[in-house]
Amino acid sequence: MSENQSQANPNDPSSFLSPPNVLVKIVNTGRADLNGQLGTILSYNAERNRYTLSMTLPSSPHRTPTALSFKPDNLVKASFVEQLQFRAGNARRQMQDISNDPQVREAMRRAYTSIQARLPPGVKPEYLLYALLFALILLVRYIGFSKTILFMSLLTTPIVVAAPDLQSGVELPVVVRNFPRRLKENVVTITGWTSVSERMALGGFIIFMVLSGMVLVTPNRSGKRATASIAAAGGGSDGGVTPPSAVLESPSSLSIESIYKLGFEDATDGKDFGASLADIDMGADVGKGTGPRGIDPNSADDIDWAYNTPPPPPQSSSSMGKFGIGKMMSMFAIFRTLKDLAQGPDGRVSVENLTMNLGRLEPWKLGMFAFCLYNVLRGILF
């Protein structure tokens, strides 16, 4: 046993039990088929000095998990990339198992038939799916991607919570009556807090729905198209200069054909290059028949062109302008991180666990936690 392990917690020498479900890699064992494999820590036996982990053996025909015990020296925490690869592989195998399950296929066939029976004649469920995808594209186009995700979450959250009652075919009043209990069960499953009550879960759900609704109705910040106002000069018959103003909306107010025609006429009349362009009102549209202002080409360079840049659009004074889905996701990430750090192997939450696990947090996780905290504080204080 190393010096660091001798000074560590005797019930968890390698700190694999907190937070729970730590993913580890097997190293330096006498079995080449196990070295490099990943598994999830379950418990630690202090008498045998062994960690028990759940893993799937490569030789297992049905990919069923197996419990094995290893010394602390034969286990190391899996890296971030290894964790991603492990979870992606598990998700892919689960999807394959689900798609190959005859019961799942039969349930999908019944659902397809049930949906088709409720649609008008000649309308297939595929057409309904295409319409939903088109509506989703329109939502992304007009309210943005983040708000579309939030809107879909608001629609699907109550359905997911009440899914057990909806699948059992009970009446709607029963579904509504059981909703607080189902909501509490989901909160306990997600957060691990068993002390939450039905009223607390329902109150948090209402607050979440209200805040999400306020985010949805808050208009997106968009800059106004700025137009430059130009204080131009106009010429009279006596050569005097008067300061009429004009607005230059776009350089394309003069068409290519009009400019080419002016250049051709200048060349035909023997005038200098660009002589007629000085006589054109920059805000005029030659194609619409508006004429020149009669500016003297010789005095065009003496005109004082004063560009008055319009002020920037006013910032939104609404407090909800600083609170969006990004802040909500950051708050949720902070909550989950603090809960995982403060929760011990026995499920109890303590400040001692929080301070101890915070010092052992991986650098990339600590950086993400700091970024989320900064994102929330920036929206509140600035």
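The values are calculated or read from the model by the stated rules, or taken from the named source; none is laboratory data. Bear in mind the structure is a predicted one, so any value in this text is a computation, not a measurement. Quick reminder, even Gly has a Cβ in these numbers, built from the backbone with ideal geometry, and neighbours come from all protein chains shown. For the accessible areas, the whole protein counts, side chains as well, though only heavy atoms, and no ligand, DNA or RNA atoms are used. Shrake-Rupley method; radii C 1.70, N 1.55, O 1.52, S 1.80 Å.
Points to keep in mind about this one:
- Scanning the range 341-360 finds one or more residues that are part of a loop (DSSP other than H, G, I, E, B), among the small types (Gly, Ala, Ser) and at pLDDT below 75.
- Enumeration of residues in the range 112-144 that are in a loop (DSSP other than H, G, I, E, B) and closer than 24 Å to LEU216 by Cβ: GLY144
- Being touching a Lys or Arg at 6+ places or on another chain (Cβ under 9 Å) and among the hydrophobic types (A, V, I, L, M, F, W, C) is a description that does not apply to ALA111.
- Among the residues listed as LEU119, LEU128, the single one being hydrophobic (A, V, I, L, M, F, W, C), in contact (Cβ under 8 Å) with a residue 12 or more places away in the chain and over 22 Å from LEU17 (Cα atoms): LEU128
- For the range 341-370, a residue qualifies if it is surrounded by 14 or more Cβ atoms within 10 Å (Cβ to Cβ) and over 22 Å from the mean Cα position of the chain (by Cα), and the qualifying residues are LEU341, ALA342, GLN343, GLY344, PRO345, VAL349, ASN353, LEU354, MET356, ASN357, LEU358, LEU361.
- Residue count for the range 158-201, restricted to those that are in a helix (DSSP H, G or I) and either touching a residue at least 12 places away in the same chain (Cβ under 8 Å) or aliphatic (A, V, I, L, M) (or both): 28
- For the range 180-197, filtering for residues that are in contact with a Gly (Cβ under 9 Å, 6 or more places away or on another chain), surrounded by 14 or more Cβ atoms within 10 Å (Cβ to Cβ) and under 26 Å from GLY344 (Cβ atoms) leaves 3.
- When the range 343-370 is filtered for residues that are without any contact (Cβ under 8 Å) to a residue 24 or more places away in the chain and closer than 15 Å to MET331 by Cβ, only ALA370 remains.
- Within the range 20-51, the set of residues being assigned to a strand (DSSP E or B) and open to solvent by 30 Å² or more (accessible area, probe 1.4 Å) comprises LYS25, THR40, LEU42, SER43, TYR44, ASN45, ARG50.
- Number of the condition not met by LEU155 [criteria: (1) surrounded by 12 or more Cβ atoms within 10 Å (Cβ to Cβ); (2) assigned to a helix (DSSP H, G or I)]: (1)
- Residue within the range 68-91 that is modelled with pLDDT of 85 or more, farther than 29 Å from PRO363 by Cβ and open to solvent by less than 100 Å² (accessible area, probe 1.4 Å) present: yes
- Checked against the criterion of being under 29 Å from MET328 (Cα atoms), open to solvent by less than 50 Å² (accessible area, probe 1.4 Å) and modelled with pLDDT under 85, the candidates LEU119, LEU150 yield just one match: LEU150.
- Of all residues in the range 198-218 being touching a Phe, Trp or Tyr at 6+ places or on another chain (Cβ under 9 Å) and more than 17 Å from PRO180 (Cα to Cα), the one that is most open to solvent (accessible area, probe 1.4 Å): MET214
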